[in-house]
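Encoded as C-alpha cells, the structure appears first; notes follow it.
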Amino acid sequence: MSTVSEFTKNYLMENKARFEEVSEYIFNHPETRFEEYASAEYLAKACEREGFSVERGVAGIETAFVATYGSGKPVIGFLGEFDALSGLSQEPNKTAYEPWDTSNGHGCGHNLLGTGAFAAACAAKKYLEENGLSGTVKFFGCPGEEGGSGKTFMVREGVFEGVDAALTWHPSPSNSIMGLSSLANYQVYFQFKGISSHAANSPHLGRSALDAVELMNVGVNYLREHVIPEARMHYAVTNTGGISPNVVQANAEVLYLIRSPKVKEVDDIYKRVCKIAEGAAMMTETEVTIKFDKACSNYIPNRSLEKILHKSLLEAGTEAPTDEEMAYAEKIWESLTQGEQENYLDLMRGFGYSGDGSEFEGKYLADTIAPYSDKEGVLPGSTDVSDVSWVVPTAQLTAATSTLGTPLHTWQMTTQGISSFAHKGMFRAAEAMALTAIQLFNHPEDMENVKKEFQAFQAKNPYTCPIPTDVKPSKLN
Ligand SMILES: [Zn+2]
C-alpha cells in the first residue's frame with residue numbers, strides 16, 4: 001500500500017463516526033428537490049467546521065452551495081447530492097416495508113452520496129494541508145437531482161467555471177466506474193384551459209380540458225412508433241380538473257418527461273409532442289400553455305480521468321462482508337421479486353462485470369470490483385451530472401452499498417441506507433475519489449492528459465444548456 005493510500009484510509013477511518021453521523025442526519029431528514037433546507041445547512045456547516053469557506057444560495061437556489069479550500073491549480077471538485085424522494089419513507093435496517101409515515105425517504109441513497117463526496121473533499125483537503133501543497137478543493141452541494149436537474153441550473157449559472165476535474169459517485173449494488181453515457185431529457189408541463197359547464201344540462205357549452213389531455217396522450221402514444229427505439233416518453237396527469245364527473249373540466253394538466261440519448265433528439269421529439277398538444281387543443285377548442293420545467297444533457301465520460309479513478313478504486317479495495325451483513329442482505333434478497341432477482345446479473349453486467357455470476361454466488365453483496373471498461377453505451381436513465389461533464393472533465397464511480405439486485409427508488413434501497421455495508425461502500429467511494437484528487441495534485445502530467453481529452457471533445461461539441469434562460473428551478477408541487 002502506498003503512503004498516500006495509507007494516509008487516505010487512515011484519515012477516513014479515524015473520522016468514521018463523524019462522517020457516519022452526517023449520513024444518518026441526512027437520512028433522518030429526507031427532503032425533496034430544492035427544499036433540502038436541513039440537509040444542505042447541516043452539510044454546509046460541516047464544511048465550515050472543516051475549514052472550508054462556504055458560499056450559500058449559489059445559482060439562485062437556496063439549497064445549493066460551494067465549499068472551497070486552498071488556492072491555485074488544479075481545482076478539483078466533488079459533487080454531493082442530498083435530496084430524497086417523495087413516498088419512499090421507510091424505517092432503516094428492516095427486512096420488510098415499514099414506512100415512518102407517508103412522506104419522503106432516501107430511496108436513491110443520496111444521504112450516502114452527499115456524505116461520501118464530502119468525506120472525499122475533506123480527505124483531499126487534509127492531504128493538501130499536511131503536505132503544504134498548492135491546489136484547490138471544492139465541494140459542491142448539489143440539490144434537486146431527482147426530477148429537478150439542480151446541477152444543470154448550476155452549470156447554466158457558471159457555478160463550475162474554473163474547475164479542472166469533477167468527481168462523484170452513486171450508491172448501487174456494484175463496485176465499478178460509471179462510464180456509460182445517459183439519456184438526455186426534457187420535462188415539460190402542458191396546461192389546457194377550457195370552459196366549464198353542467199355536463200348533463202349544457203354539455204354543448206363546455207369545452208373540456210381533460211378531453212384535451214386525453215387526446216394529447218393518445219396522440220403521443222401513436223407517436224411512439226415513429227421515434228427511435230431508445231427514446232422514452234413518460235407522462236403523469238398532474239391535474240384532472242377536479243373529481244366531479246358532472247362538471248365539464250375547465251382546467252387540466254399533464255407533465256411529460258421525454259428522453260433520448262442526445263439532446264438534439266429530445267428536442268426534435270419535444271417539438272412533435274408540442275404539435276400534438278396544439279392539435280389536441282384545436283380538436284377540443286381549448287387553449288394550451290406549454291411550461292418548460294427542466295432538462296438535462298447526456299453524460300460525456302472522460303476516459304483518462306476514469307482510468308485514474310478505477311486504479312484508485314482498486315487501491316481502496318473491498319473487504320468481505322461480515323456474517324451479520326450477509327444474513328441481512330439475504331433477507332433483503334428474499335424480499336425482491338423473482339424478476340428483480342433474475343435481473344441482477346444483467347444489472348451487474350451493465351456496470352462492467354463479466355462472467356457467469358459465480359463470483360456472486362451465495363453472497364448477496366458484491367465484494368469484488370468490476371474491471372475497467374470504456375465500452376460505449378447508454379444507461380437507460382438520466383442524471384444532471386451530465387451537464388457538469390459537458391463543461392468540466394468528469395468521472396463517476398459506483399460503490400456497493402446495497403444487496404445484489406436492489407433497484408433504486410424502492411423501500412429496500414431506503415432501508416439499507418445507513419447499514420454497516422452501505423457505510424463501508426460510502427467510505428470506499430470516498431477513498432477512491434480522494435486518491436484520484438491527490439493523484440492529480442501530485443502528477444500534473446495526468447491532469448494535462450485529462451484536460452487534453454476534454455478539450456478535444458469540447459472543440460467539436462460546444463455546450464448549450466438545455467434549460468431555457470428564463471426557466472427557474474421548481475420544487476415539487
Ligand atoms: Zn440517485
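Across the range 374-477, the fraction of Cα-Cα pairs farther apart than 19 Å, rounded to a whole number, is 65%. The label point for K311 and the one for M283, both projected 7 Å from the Cα toward the Cβ, are 5.9 nm apart. Between N93 and N131, the distance separating the two model label sites (each 7 Å from Cα on the Cα→Cβ line) works out to 3.8 nm. Peptides 265-276, 116-127, 56-67 ranked from most to least packed give 116-127, 56-67, 265-276, packing being the mean of other C-beta atoms within 10 angstrom over each peptide's residues.
Pull out a ≥ b ≥ c, the square roots of the eigenvalues of the alpha-carbon gyration tensor of the chain, then state rounded if a/c is under 1.5, prolate if not and a/b is larger than b/c, and oblate in the remaining case. Write out the running numbers ahead of the final one.
On the way: a/c = 1.89, a/b = 1.59, b/c = 1.19.
It comes out prolate by the Cα gyration axes.
Close amide H contacts of E31 (hydrogens built in the peptide plane, cut-off under 5 Å, sequence separation of 5 or more or a different chain): A84.
Would you count, across the range 1-137, every pair of lysines whose alpha carbons are under 17 angstrom apart, provided the pair is eight or more residues apart or spans two chains?
Details: K9/K125; K9/K126; K16/K125; K16/K126; K45/K125; K73/K125; K73/K126.
Counting lysine pairs in the range 1-137 gives 7.
For the pair T464 and E14 in one chain, pulling the backbone fully straight at 0.36 nm per residue adds 157.6 nm over the alpha carbon distance. The stretch between K45 and E6 holds 11.3 nm of extra length on full extension. This uses 0.36 nm per residue minus the Cα-Cα distance.
If you stretched the chain out fully between I243 and S71, how much longer would it get, using 0.36 nm times the residue separation minus the C-alpha to C-alpha distance?
On the way: separation 172, 0.36 × 172 = 61.92 nm, distance 5.93 nm.
Full-extension gain reported as 56.0 nm.
Report the residues of the range 123-161 in range of a label on K475: point 7 Å along Cα→C-beta, backbone N strictly under 14 Å from it. Zone members listed by number: 144. Here r is the Cβ-Cβ distance between E361 and E24 and R0 is 30 Å; the resulting FRET efficiency, rounded to 0.05, is 0.40. Cross-link partners among lysines for K307, C-alpha distance below 19 Å, same-chain residues fewer than 8 apart left out? Candidates past the 8-residue exclusion: K375, K451, K452. Across the chain, Cα pairs under 8 Å and at least six residues apart give a relative contact order of 24 percent.
Remark on A184: its backbone amide H falls under 5 Å from those of S260, K262, N298, a criterion applied only to residues 5 or more positions apart or on other chains, H modelled at 1.01 Å from N.
Whole-Hz Karplus values for the range 448-454 come out as 4, 4, 4, 5, 4, 4, 5 Hz, taken residue by residue from phi with 6.51 cos²θ - 1.76 cosθ + 1.60 and θ = phi - 60°; glycine and proline positions read x. Indicate the gyration tensor shape class of the range 103-202 (rounded, prolate or oblate), computed on the Cα atoms with a ≥ b ≥ c the square roots of the eigenvalues: a/c under 1.5 is rounded; otherwise a/b larger than b/c is prolate and the rest oblate. Taking the square roots of the gyration eigenvalues as a ≥ b ≥ c, the range 103-202 is prolate. Toward the positive end of the charge dipole of the chain, about the Cα centre and with charges on Cβ (Lys, Arg +1; Asp, Glu -1), which of A119, A184, A432 goes farthest? Towards the positive end, the residue furthest out is A184. Other residues whose C-beta falls under 13 angstrom from the C-beta of A209 contribute a net charge of -3, scoring Lys and Arg +1 and Asp and Glu -1.
Rule-based calculations on the coordinates, nothing more; no lab input. The structure presented is a predicted model; accordingly, all values stated were derived computationally and were not measured. As a convention, Cβ positions derive from the backbone with ideal geometry for all residues, glycine included, and neighbour counts pool all protein chains shown.
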